[in-house]
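The values are calculated or read from the model by the stated rules, or taken from the named source; none is laboratory data. If you're wondering where the values come from, they're calculated on a predicted model, not measured in any experiment. Heads up, the Cβs are rebuilt from the backbone with ideal geometry, glycines too, and the neighbour counts pull from every protein chain shown.
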Amino acid sequence: MAVTKSPQEGKLSGEVFYPSPEVVAQANVKDPEAARKEANENLESYWARRANELEWFQKWDKVLDESNKPFYKWFVGGKTNIVLNAIDRHVKTWRRNKLAFIWEGEKGEVRTMSYHALAREVCKFANVLKSMGVTKGDRVTIYMPRILETVVAMLATAKIGAVHSVVYGGFSVEALHGRIEDSESKVIITADGGNMNGKIVELKKIVDEALRRTAAPENVVVIKHTGKEVNMEPGRDFWYHELMTLPLTRNNQRCETEVMDAEDPLYILYTSGTTGKPKAVVHTHGGYQVGVYSTFKDVFDIKEEDRWWCTADPGWVTGHSYIVYAPLIAGATSIIYEGAPTYPYPDRWWGIIEKYGVSVLYTTPTAIRGLMRFGSAWPNRHDLSSLRLLGSVGEPINPEAWRWFHKYIGKERCPIMDTWWQTETGMFMIAPMPADPLKPGSGTRPYPGVEVDVVNEEGKSVKAGEEGFLVLKKPWPAMLRTIYKDPDRYVSTYWSKYPGMYLAGDSARKDEDGYFWIIGRVDDVIKVSGYRLGTAELESALVSHASVAEAAVIGLPHEIKGIAIHAYVILKAGIEGNEKLAEELKQHMSHEVGPIAKPEKIEFVATLPKTRSGKIMRRVLKARAQGMSEGDLTTLEE
């Protein structure tokens, strides 16, 4: 059992939870410090050892190529395909009959899929994509609910060497349209709808509207999931279930996995930036598979008998890395639940854990805070004794939520793996392992082979306890390789402020024990419920409304979401601000970006604080809203 010890009893300062002897005894990594030391002493040798735990069509000639910084290359000369390790190697062993996924729908429907069945479905759908002319390097957009076909579509795309672009099913017409257009996708895969909070999210309708605004891809594949009637465009739209029973799939359930170079792209994933246009982060087959597999195995201590549940959506990087790829590479059994955590009652998640014997749960601080509101009676109704590890992702977890999670869900037995990483990093960068002592609210130490620091404006390391910019000082296998079609933006965004160092965009501090504490974003990005939204994208959406002349958005603390959007709006001449218009603007934001972008509050103002060069000073707005000191105002326009 993890117990709290006072500073006098242990070597570490502050509130510390030490792992029980039982946790340490069964851990995959019994001595985390020794693992970190091994990786720090010889980075390439460490990652070569981890890569050798996987299968390759052809081994690499060189582990790391640093000749063209910051365009690093990993496992140069290696030939692989992530599907080789996620599926192919398992179906040659006893694991072919092991469950890969247990899926539960919001209405209570249950589906299971073994590794053998998953391999069959992926081959069939890969043949469908090939019949539509999709070849190596082509892009495929996936806009889906949390269903098993989402995983099949991702794997089938990767199997034939194409590049998937998964768009979160909560994004709006505008967001989807922009991502389809930028990626120049050949095929779109969607569903008639998804279930959330007892309602149907009309995904196909959103796809239809997005395609009216762009040069339409040649084919749209539609999964019949909710049974809702949808428009089907003849010659363009095809039902998934019909395609999967055609002779080409029924009689040919084999499809060879495309041999890929380690540096060939696996997927692009759009993440908000400080300019209006989201960035398409590029991840590759070789290094990414090594990074996500290693971190998953070590941090979540995965065993053959585990039931793993990551509550994220496949549309976010957490879903890519730790719902789809890492668990499959490790041969794990995963739970996927389609609906809302409180539907129809606030114990839905706790019932799922009890029903399926979930042993490792990975979720967000936002979800934990949301469920905390309903009290401990709901989880106490259920037997949660199958749990042995908990995890947190998406934003820093506040100590109060950490303690509640530990006490009422983990029953003070389960260590909490608080992970810091990004869409760009692909894998955990700061995270404990079960044998590490834990401090509530801290991500603890860097993962082996990852060098993290906190620096000041000049790029010098700050003292323990001081706040500064979080940077990464060494390349890592799962790192982004570039921004799709925009290598200059890749360099300027991440590598230009401090040459040789990756700028994470977060502020942080490191305590005297070397534990890292993430404070929040320092650039113009707001993190709502763990999802990054660019202020420029949000402000652009507001200004697109006919009544709005100018707008600024900031993130302010929120009890449940962690951060909520507050908008300041200057209206066009002659238009009066009122509650009705404020509500209209909220709905407009929801339509333009997605429901997650709906502001908590809209305030109508006459002016905005700006520098003389015209840049909106959001820190001033934030300070005013919180009743804090506005700091140095010498650069203000007036």
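What to note about this one:
- Residue check, Trp309 of a type in the set (A, V, I, L, M, F, W, C) and touching a residue at least 40 places away in the same chain (Cβ under 8 Å): yes
- Residue within the stretch 459-477 that is in contact with a His (Cβ under 8 Å, 6 or more places away or on another chain) and not hydroxyl-bearing (Ser, Thr, Tyr) present: no
- Test for Val259: is it β-branched (Val, Ile, Thr), at pLDDT 95 or above, surrounded by fewer than 19 Cβ atoms within 10 Å (Cβ to Cβ) and over 30 Å from Leu538 (Cβ atoms): yes
Residues are listed down the side, and each one gets a yes or a no for (1) more than 23 Å from Pro327 (Cβ to Cβ); (2) polar (S, T, N, Q); (3) modelled with pLDDT under 95; (4) in contact with a helix residue (DSSP H, G or I) (Cβ under 7 Å, 6 or more places away or on another chain):
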residue	(1), (2), (3), (4)
Thr364	no, yes, yes, no
Arg369	yes, no, yes, yes
Ser392	no, yes, no, yes
Glu412	yes, no, no, yes
Pro415	no, no, no, yes
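- Against the numbered list (1) touching a Gly at 6+ places or on another chain (Cβ under 8 Å); (2) among the β-branched types (Val, Ile, Thr); (3) over 23 Å from Ala478 (Cα atoms), Val393 comes up short only at (3).
- Taken together, the residues in the stretch 537-551 that are out of contact with any helix residue (DSSP H, G or I) (no Cβ under 6 Å at 6 or more places or on another chain) and either in a strand (DSSP E or B) or surrounded by fewer than 19 Cβ atoms within 10 Å (Cβ to Cβ) (or both) amount to 7.
- Subset of the stretch 117-146 (residues that are part of a helix (DSSP H, G or I) and either touching a Phe, Trp or Tyr at 6+ places or on another chain (Cβ under 7 Å) or of a type outside the set (Gly, Ala, Ser) (or both)): Leu118, Arg120, Glu121, Val122, Cys123, Lys124, Phe125, Asn127, Val128, Leu129, Lys130
- Unmet criterion (only one of (1) in contact with a Leu (Cβ under 8 Å, 6 or more places away or on another chain); (2) closer than 22 Å to Ser20 by Cα) for Trp402: (1)
- Residue in the stretch 147-159 that is assigned to a loop (DSSP other than H, G, I, E, B), surrounded by fewer than 24 Cβ atoms within 10 Å (Cβ to Cβ) and in contact (Cβ under 8 Å) with a residue 40 or more places away in the chain present: yes
- Complete set of residues in the stretch 506-536 that are part of a loop (DSSP other than H, G, I, E, B) and either free of Cβ contacts under 8 Å to residues at least 40 places away in the same chain or on the phi > 0 side of the Ramachandran plot (or both): Gly514, Ser529, Gly530
- Unmet requirement for Glu412, which otherwise passes all of (1) under 23 Å from Val29 (Cβ atoms); (2) buried (at least 23 other Cβ atoms within 10 Å of the Cβ): (2)
- Counting only helices (runs of 4 or more DSSP H) that fall entirely inside the stretch 363-413 and contain at least 2 residues that are over 19 Å from the mean Cα position of the chain (by Cα) and within 22 Å of Ala435 (Cα to Cα), the qualifying elements are 399-404.
- Of all the criteria given as (1) surrounded by 18 or more Cβ atoms within 10 Å (Cβ to Cβ); (2) closer than 27 Å to Ala340 by Cα, the one not satisfied by Glu209 is (1).
- With respect to the stated conditions, Arg481 is out of contact with any Leu (no Cβ under 8 Å at 6 or more places or on another chain), under 21 Å from Val292 (Cβ atoms) and surrounded by 15 or more Cβ atoms within 10 Å (Cβ to Cβ).
- Matching residues, the stretch 436-448, being among the small types (Gly, Ala, Ser) and surrounded by fewer than 23 Cβ atoms within 10 Å (Cβ to Cβ): Gly441
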